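Quick notes on the structure that follows.
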Amino acid sequence: MSVKFSVVRLTLDRQDAIQQAAALLFESFRDRINAWPDLDSAVREVQDSLGKDRLSYIALDAEGTVVGWIGGIEQYGGMVWELHPLVVREGDRGRGIGRSLVRYLENSVRERGAITLWVGTDDDLGQTSLAGVDLYPNVAANIANIRNQHRHPYEFYQKCGFAIMGVMPDANGFGKPDIFMAKRVAETDSPAAKPSRCEQEM
């Protein structure tokens with residue numbers, strides 16, 4: 001079933017939307033290590049996304065309820081942006097909301113002169129073959145043989161054109177790595193260096 005939604009820039013005057021985005025963030029990540037331990041910390045995260053050198057977009061359903069949120073952080077003098085964070089309401093996942101939010105962020109950073117968009121996607125719940133093992137010394141080999149064992153979002157990002165560029169082993173404790181992914185968003189004349197697009201839904 002399709003869902004009707006719109007994507008708009010989140011601004012400071014939309015206090016109700018800020019609270020909704022924060023509640024969505026807190027509820028979706030409440031079981032994750034190093035996430036947002038309470039609603040107040042989630043509100044601060046959303047408020048921070050409205051600052052200088054940041055971008056923030058929300059997806060709204062037909063009733064104006066926030067069903068998704070994405071943030072972006074400028075880095076490397078604007079050549080690179082970090083996607084942080086991305087969240088979609090649980091009951092609305094798989095309907096294209098996440099894909100649309102990623103696309104909006106990509107277009108926005110491209111217009112600002114960015115070349116690369118990257119995201120860190122932790123595996124602190126044992127969702128991939130990179131979790132629960134010692135990745136040293138053959139880190140690259142472990143990445144090359146990664147398997148998704150329980151719906152880890154790295155495959156969603158791959159479908160959006162991101163590639164795994166590395167991991168930080170033990171980022172969240174032993175056997176709980178952070179998976180780093182990136183994609184080129186800049187337009188270029190080289191056929192081998194075209195920006196990729198989201199192909200599947202989240």
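Helical runs (DSSP H, four residues minimum) scored at -39500 (n - 2.57) apiece and divided by the length of the chain put the mean residue ellipticity at 222 nm at -7500 deg cm²/dmol. Summing Lys and Arg as +1 and Asp and Glu as -1 over all other residues whose Cβ lies under 13 Å from the Cβ of Met79 gives a net charge of 0. Segment 54-202 has equivalent-ellipsoid semi-axes of 26, 20, 14 Å, by the square roots of 5 times the alpha carbon gyration tensor eigenvalues, sorted largest first. This ranking places Glu63, Glu27, Glu106 by how few other beta-carbon atoms lie within 10 Å of each, fewest first, which gives Glu63, Glu27, Glu106.
Report, for segment 67-191, the % of DSSP beta bridges that are antiparallel, rounded to 5. The antiparallel fraction comes to roughly 85 percent. Can you give the net charge of the other residues whose Cβ lies under 9 Å from the Cβ of Ile179, counting K and R as +1 and D and E as -1? Local charge sum for Ile179: -3.
By the scheme Lys and Arg +1, Asp and Glu -1, what is the net charge of all other residues having a beta-carbon under 13 Å from that of Gly132? Taking every other residue near Gly132 into account, the sum is -2.
For the pair segment 146-168 / segment 12-26, the C-alpha centres are spaced 28 Å from each other.
In a reduced charge model with +1 at each Lys and Arg Cβ and -1 at each Asp and Glu Cβ, the chain shows a dipole moment near 600 debye about its Cα centre. Enumerate the aspartates and glutamates that Lys183 could reach by cross-link, defined here as Cα to Cα under 13 Å, with residues fewer than 8 away along the same chain left out. The qualifying aspartates and glutamates are Glu82, Glu106.
Ordering Gly78, Gln47, Ala59 by the projection of their Cα atoms onto the charge dipole of segment 35-87, which places +1 on the Cβ of Lys and Arg and -1 on the Cβ of Asp and Glu, puts Gly78 at the extreme positive end.
Under a Gaussian network description of the chain, with springs only between Cα atoms under 10 Å, the residue in Ala114, Ala140, Ala23 that fluctuates furthest is Ala140. Label-to-label distance for Asp61 and Asp40 is 3.0 nm, based on points extended 7 Å past Cα in the beta-carbon direction.
No value in this document is a laboratory result; all are computed from the given coordinates. Remember, it's a predicted structure, so these values are computed and weren't measured experimentally. Heads up, the Cβs are rebuilt from the backbone with ideal geometry, glycines too, and the neighbour counts pull from every protein chain shown.
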